[in-house]
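Everything on this sheet refers to the single structure shown next.
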Amino acid sequence: MGPSMKIEDIRRTAYSMPLTNPSFPPGPYRFFDREYFIITYKTDPEALAAVVPEPLEVAEPVVKYEFIRMPDSTGFGDYTETGQVIPVRFRGEEGAYTHAMYLDDEGPIAGGRELWGFPKKLAKPRIEVESDVLVGSLHYGSVLCASATMGYKHRKVDHDTVLKSMTAPNFILKIIPHVDGSPRICELVRFHLEDITLKEAWTGPAALGLYPHALCDVARLPVREVVSALHFKADLTLGLGSVAFDYMAR
């Protein structure tokens, strides 16, 4: 008996692994009541330059440490994420480079890495309101790697300012190896957030601590000074990407 699955069937249905039981469904990917807790801080310029890939350029020596709570997302479910995003320039255009991401759900880890190239790793982030404080934390196993606090909803933030930052281009370094371990795909991917409905936005006093860990290296970009904090909720669609730069092109 010959194989029942033809080459044409594989080409038509393949978009993720495993082929017959993918880790996530096809998009689009819509997020409802997506909650952001972002602390912008100054860091060491040399440490920052060492992790931003050319042809991106560091815009200023700051990092945005983000906690994101996603209670309702199509295909990916209910999860929490945290990581570091760096303001950059790409050929004169202002944008943001996603440097590190840690989350607690296998579906968006697989989807984020396979589709866009998000640098996602499995860990235990959380966002909670404790009395009058918004609290974010990241544990890798039992070890605390990040701790953030912010006064809960102290002052409103102008919605237009937040929307402008959300519509800026985002960049990721997507790496997929060949079967021999050499790079097969190495691309700078560009994507946007789309169809954004901003529901509320707040600021207040904030603090951030990052702690060394062998495999969760958020402390590689140390906190020198907290610049600002932002807490907001929105509905949005995570747009698929395009290749901004191909490192394998000859």
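The values are calculated or read from the model by the stated rules, or taken from the named source; none is laboratory data. In this text the structure is predicted, and so the values were computed from the model without any measurement. Here the Cβ is made from the backbone with ideal geometry for all residues, glycine too, and neighbour counts use every protein chain on show. Surface areas here come from the heavy atoms of the whole protein model, side chains and all, with no ligands, DNA or RNA. Shrake-Rupley method; radii C 1.70, N 1.55, O 1.52, S 1.80 Å.
Side notes on the structure shown:
- Pairs are defined by a Cβ separation below 7 Å, a sequence spacing of at least 6 or placement on different chains, a first member in segment 206-218 that is more than 16 Å from residue 124 (Cβ to Cβ), and a second member that is hydroxyl-bearing (Ser, Thr, Tyr) and part of a strand (DSSP E or B); the pairs so defined are 206/149; 207/149; 208/41; 208/65; 209/147.
- Some residue of segment 57-70 being acidic (Asp, Glu) and farther than 22 Å from residue 188 by Cα: no
- Among the residues of this structure, residue 128 counts as one that is within 23 Å of residue 197 (Cα to Cα) and not aromatic (Phe, Trp, Tyr).
- Each residue in segment 172-205 was checked for being more than 30 Å from residue 250 (Cβ to Cβ), assigned to a strand (DSSP E or B) and open to solvent by 60 Å² or more (accessible area, probe 1.4 Å), and 4 of them qualify.
- For segment 95-114, the set of residues classified as out of contact with any Pro (no Cβ under 7 Å at 6 or more places or on another chain), surrounded by fewer than 21 Cβ atoms within 10 Å (Cβ to Cβ) and touching a residue at least 12 places away in the same chain (Cβ under 8 Å) consists of 105, 106, 107, 110, 114, listed by residue number.
- Residues in segment 122-171 that are within 18 Å of residue 63 (Cα to Cα), among the hydrophobic types (A, V, I, L, M, F, W, C) and in a strand (DSSP E or B): 138, 145, 146, 148, 150, 171.
- Qualifying residue in segment 27-39 (condition: without any contact (Cβ under 8 Å) to a residue 60 or more places away in the chain and either surrounded by 10 or more Cβ atoms within 10 Å (Cβ to Cβ) or over 30 Å from residue 209 (Cα atoms) (or both)): no
- Residue in segment 1-17 that is nearest to the chain's Cα centre (by Cα), counting only those that are open to solvent by less than 70 Å² (accessible area, probe 1.4 Å) and within 30 Å of residue 193 (Cβ to Cβ): 16
- Scanning segment 5-32 for residues that are more than 21 Å from residue 191 (Cβ to Cβ) and charged (D, E, K, R) gives 6, 8, 9, 11, 12.
- Residues that are modelled with pLDDT of 95 or more and among the aromatic types (Phe, Trp, Tyr) number at least 3 in the following strands (runs of 3 or more DSSP E) confined to segment 10-107: 29-42.
- Consider segment 71-82 and keep the residues that are touching a helix residue (DSSP H, G or I) at 6+ places or on another chain (Cβ under 8 Å) and without any contact (Cβ under 8 Å) to a residue 40 or more places away in the chain. The one that is most open to solvent (accessible area, probe 1.4 Å) is 77.
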